Amino acid sequence: MKVDIEEVHSVFAWTWHIPKDNKDGSLEADDDDDVCGICRASYNATCPSCKYPGDECSLVVGECNHNFHVHCIYRWLDTTTSKGLCPMCRQLFQLKRGLAINDSQLEKFKELQLRKRTNTAGEFADEDDEEAIERAMAQQDQAEVDDQGDVIMDQGLVVR
Amino acid sequence: MSRAAKEYKTITKVLKEGDEVYSQLIVGMEPKEDLTRWEALIRGPSGTPYEGCNFRLHLSLPQEYPMSPPYVKFEPYAMPHANVDFRTGEICLDILTKQHWSPAWDLLHVVQAIGQLLDEPVSSSPLNVDIANILKANDMNAYYGLVHYYIKS
């Protein structure tokens, strides 16, 4: 029998290779069907601002084993309110070392971290912080003037 | 697809399938006009003076959402609660502040946290001083009475 092949259609599928070394039960990862904790899109899809999945919109793995689209986590860490913490576990977010998937991003994240550190050292970058400090100072003055002020109430205002 | 659209899908699914945690609390939740404005109707939790009543929440998503928290308010003049401004409906809840918000949370988490706040008012950071003072004095009769009075009027 002779077979003539006229045409070949190749179909490829790909997924990010994410190390799953959390068998020690320390993490409840992956019960959310592998979606980015920030944008809720699948790891293998793009972040909301990208059109095509792949190297341009890659995934990164944190030291804490939480994964995000690189654009999503970068955008979060770039806000003053993030304080550099992982949105999931509130530990300092660091890229996990020795992973091919992270390697190309290491420089970018290091640079961001450095920039954040110098920003917060010099000034109070956050408006809310500034407001809170002003309010606390105003309250201190008030307290000095009026010793009989309701202490509990004042605390309440500071908490807010 | 945007984050809000993803949440819309999840919320519709959760409410339709009757999730154990959320269906206790949420009567309905849907976007108004576009996905940046939402309304939710929540049930007063049992064992609280709010039991038997429903309360409307207005949620609006800032442009930076989920990097910034949603703005959430009760309907004005409808929620007598130690941590809610009765006149405006403004809510004092740590996770709704920029300092404590995390993009890992979503609208369902927020509504759930507000449900929890109804159950456990925090009298140390009041927006309604009258109710907070009654709670501090631990006068449960007056607490129920005052809340009911507000709700009925």
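Exactly which chymotrypsin sites (Phe, Trp or Tyr not before Pro) in region B:6-83 are in a DSSP loop and have at most 15 other Cβ atoms within 10 Å?
Values: sites: B:Tyr8, B:Tyr22, B:Trp38, B:Tyr50, B:Phe55, B:Tyr71, B:Phe74, B:Tyr77; in loops: B:Tyr50, B:Tyr77.
In loop regions of region B:6-83 (DSSP not H, G, I, E or B), the sparsely surrounded chymotrypsin sites (Phe, Trp or Tyr not before Pro) are B:Tyr77.
Can you show me the helix-derived [θ] at 222 nm for chain B, built from DSSP H runs with n ≥ 4 at -39,500 (n - 2.57) apiece and divided by the number of residues, rounded to the nearest 500.
-11000 deg cm²/dmol
Count, for each residue of A:10-16, the Cβ atoms from other chains sitting within 10 Å of its Cβ, then give me the mean as a whole number. Present the calculation step by step, with values, prior to reporting the outcome.
On the way: counts 0, 0, 0, 0, 0, 0, 0.
Average neighbour count from other chains, rounded to a whole number: 0.
Using the crude model of +1 on Lys and Arg Cβ and -1 on Asp and Glu Cβ, and no other charge, please compute the dipole size for region B:3-152 relative to its Cα centre, in debye to 20. Please list the in-between numbers first.
On the way: 14 positive and 19 negative charges, 46 e Å.
Charge dipole, region B:3-152, about its Cα centre: 220 debye, nearest 20.
With unit charges on the beta carbon (Lys/Arg positive, Asp/Glu negative), name the residue among B:Ser102, B:Tyr143, B:Pro66 whose Cα is farthest towards the positive pole of the charge dipole of chain B.
Towards the positive end, the residue furthest out is B:Pro66.
Return B:Tyr149, A:Tyr74 ranked ascending by Cβ neighbour count within 10 Å, so the fewest neighbours appear first.
Details: B:Tyr149 10, A:Tyr74 16.
Neighbour counts put them in this order, fewest first: B:Tyr149, A:Tyr74.
Of the trypsin sites (Lys or Arg not before Pro) in region B:68-153, which ones lie in a loop per DSSP and count no more than 14 other C-beta atoms within 10 Å? Don't jump to the answer; show the numbers that get you there.
Working: sites: B:Lys73, B:Arg87, B:Lys98, B:Lys136, B:Lys152; in loops: B:Arg87, B:Lys98.
Qualifying residues, ordered by number: B:Arg87.
Which is the longest part of chain B that has none of the GluC sites (Glu not before Pro) sitting in a DSSP loop with at most 13 other Cβ atoms within 10 Å?
Working: sites that count: B:Glu33, B:Glu51, B:Glu64.
Longest stretch, sites excluded: B:65-153.
Sequence-distant or interchain residues sharing an amide H contact under 5 Å with B:Val27, placed H: which?
B:Leu41, B:Ile42, B:Arg43
Please build a GNM for chain B, connecting alpha carbons under 10 Å apart, and tell me which residue among B:Gly52, B:Gly28, B:Gly44 fluctuates the most.
Maximum fluctuation in the GNM of chain B, among the listed residues, is at B:Gly52.
Along the positive direction of the dipole of chain B (beta-carbon charges: Lys, Arg +1; Asp, Glu -1; about the Cα centre), which of B:Ile134, B:Ala82, B:Gly47 reaches farthest?
B:Ala82
Computed over the Cα atoms, what is the radius of gyration of chain B divided by 2.2 N^0.38 Å, N being its residue count? Don't skip to the answer; put the middle values down first.
Working: Rg = 15.6 Å, N = 153, 2.2 N^0.38 = 14.9 Å.
Rg over 2.2 N^0.38 Å, computed on Cα atoms: 1.05.
Taking the Cα centroid of region B:12-75 and of region B:92-109, what is the distance between the two, rounded to the nearest whole Å?
14 Å
Are any of the pairs B:Lys6/B:Lys152; B:Lys16/B:Lys152; B:Lys16/B:Lys73; A:Lys51/B:Lys9 more than 27 Å apart by Cα-Cα distance, and if so, which? Could the numbers behind the result be given before it?
Working: B:Lys6/B:Lys152 38 Å; B:Lys16/B:Lys152 31 Å; B:Lys16/B:Lys73 25 Å; A:Lys51/B:Lys9 20 Å.
Beyond 27 Å between Cα atoms: B:Lys6/B:Lys152; B:Lys16/B:Lys152.
The numbers here are math on the coordinates, done by the rules we state, and not lab data. Remember, it's a predicted structure, so these values are computed and weren't measured experimentally. Cβ sites come from the backbone with ideal geometry, for glycine too, and all protein chains shown count toward neighbours.
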